[in-house]
Amino acid sequence: MSGHSKWHNIQGRKNAQDAKRGKIFQKISHDLYVAAKAGGADPTANASLRLVMEKAKSANMPKDNVQRALDKATGAGDIKFEEATYEGYAPGGVAVLVETSTDNINRTVSTVRNSFSHHGGALGTSGSVSFQFDRRGHFVIDREEHLEVTEDQVMEDAINAGAEDVQTSDEAFEIYTQPADFVQVEAELTGKGYDFAESEIAMIPQNPVDVPTADQEKFEKLIDELEDNDDVLAVYTTAD
């Protein structure tokens, strides 16, 4: 069950993004939203949410930011948020999915469309690229943080916990699950002492592609601008 791992390439880009404090908070806000939406906003009864809230605390994320993400997920307060997913193509033909939660759908679609247009991409119609992704649970275990654990042990523990697939590289173990099994796998592996560099339910590209060198700068600017949008929860691409 080993195979090509995207972790090295993903990490290179994440490290550059995480130089911006706001990027860290946005990622945590997304995880808070997803966890609260799936299992409720009470961390004592929602193990996934509890783990994300610990990440927020470690990152010194302001309590107002945390509460705003929870309010979006639960519909608390007077402002009602609407979820919408936009699909399009970045420069180089890379497929892009943009998940949003907004109190003004017209504003959001306008800013997302403008981001695509300004950086050489194109916003598409519903279903135009989503077929290229699968929604799956995704865990990343940094091998440097678990030097004592063998590849065979991780595979055995993950599969016994209910995972579908384990991919290995020099840098990490990547574990994939069905969304319905995410909480169970997370709880069982956490109970065995594993720490996750990443743990989320995400849209995983079926066939990752390389971004042409000539389009790399425009691609990165588009993704950065989308991720800087306060209405955007997550951006997924087929880029390798």
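A few remarks follow.
- Residues located in segment 59-105, provided they are touching a Gly at 6+ places or on another chain (Cβ under 9 Å) and among the acidic types (Asp, Glu): Asp71, Glu87
- Count - residues of segment 105-127 that are surrounded by fewer than 16 Cβ atoms within 10 Å (Cβ to Cβ) and either under 26 Å from Pro212 (Cα atoms) or aliphatic (A, V, I, L, M) (or both): 9
- Whichever residue in segment 173-205 is in contact with a Lys or Arg (Cβ under 6 Å, 6 or more places away or on another chain) and either assigned to a strand (DSSP E or B) or more than 19 Å from Val34 (Cβ to Cβ) (or both) and, among such residues, is modelled with the highest pLDDT: Tyr176
- Some residue of segment 230-239 being out of contact with any helix residue (DSSP H, G or I) (no Cβ under 6 Å at 6 or more places or on another chain) and either without any contact (Cβ under 8 Å) to a residue 24 or more places away in the chain or more than 30 Å from Gly92 (Cβ to Cβ) (or both): yes
- Failed condition for Ala172, given (1) closer than 30 Å to Ala122 by Cβ; (2) open to solvent by less than 30 Å² (accessible area, probe 1.4 Å): (1)
- Filtered residues of segment 42-68 (kept if in contact with an Asp or Glu (Cβ under 9 Å, 6 or more places away or on another chain) and hydroxyl-bearing (Ser, Thr, Tyr)): Ser48
- Restricting segment 39-62 to residues that are open to solvent by 20 Å² or more (accessible area, probe 1.4 Å) and in contact (Cβ under 8 Å) with a residue 40 or more places away in the chain leaves a set whose member that is nearest to Phe81 (Cα to Cα) is Gly39.
- Yes/no for Ala214 being touching a Pro at 6+ places or on another chain (Cβ under 9 Å), surrounded by fewer than 18 Cβ atoms within 10 Å (Cβ to Cβ) and not acidic (Asp, Glu): yes
- Residues being within 17 Å of Leu32 (Cα to Cα) and touching a helix residue (DSSP H, G or I) at 6+ places or on another chain (Cβ under 8 Å) - total across segment 78-97: 2
- Within segment 221-230, the set of residues being crowded, with 22+ Cβ neighbours inside 10 Å and either assigned to a loop (DSSP other than H, G, I, E, B) or in contact with a Leu (Cβ under 8 Å, 6 or more places away or on another chain) (or both) is empty.
- Condition met for Asp31 (among the acidic types (Asp, Glu), free of Cβ contacts under 8 Å to residues at least 24 places away in the same chain and either surrounded by 18 or more Cβ atoms within 10 Å (Cβ to Cβ) or assigned to a helix (DSSP H, G or I) (or both)): no
The values are calculated or read from the model by the stated rules, or taken from the named source; none is laboratory data. If you're wondering where the values come from, they're calculated on a predicted model, not measured in any experiment. Neighbour counts are summed over all protein chains in view; Cβ atoms, including those assigned to glycine, are modelled from backbone coordinates with ideal geometry. Surface areas here come from the heavy atoms of the whole protein model, side chains and all, with no ligands, DNA or RNA. Shrake-Rupley method; radii C 1.70, N 1.55, O 1.52, S 1.80 Å.
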